[in-house]
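Right, I'll just put the structure down here and ask away after.
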Amino acid sequence: MDRVVLVCHGVPAASGAEAALDITAEFAEHRPWQKQVSCTWDGKRLTLQADTENDPKGLGLMDEFSDCISAYIVEGFDGGIAVQSISPVVDDGV
């Protein structure tokens, strides 16, 4: 399992905070195969973090994140999604 962190730049400031909440809820309710998902807004970009299996480059998660952004940010914007990091999740047995 890998922890993937994705960032989306160019999100309209008026939409970011609500989109982060909506995207976090979307993953929790409708995409249970992604684990420990959180989406946050820092005033300039959305950051999605999730633990995922069988997605070593984060492309599957990126596709799902893109779908959510399209669904929850109705006004169009000129932004993009990038992989910030991918790291193995260490199972500490807890």
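Just so it is clear, none of the values below were taken in a lab; they were calculated from the coordinates. Computed from a prediction, not measured in an experiment: that's the story for all the values here.
Quick one: angle between helix 59-72 and the longest Cα principal axis of the chain, in degrees between 0 and 90, rounded to 10, please.
That helix lies at roughly 30 degrees to the long axis.
Once the Cα atoms of helix 13-30 and of the chain are each reduced to a long axis, what angle between those two axes, in degrees from 0 to 90 to the nearest 10, is obtained?
In the chain, helix 13-30 runs at an angle near 40 degrees to the longest axis.
If the convex hull of the alpha-carbon atoms of region 2-86 is projected onto planes in all directions, what is the mean projected area in square nanometres? Walk me through the intermediate numbers first.
Working: hull surface 18.8 nm².
Here the figure is 4.7 nm², rounded to one decimal.
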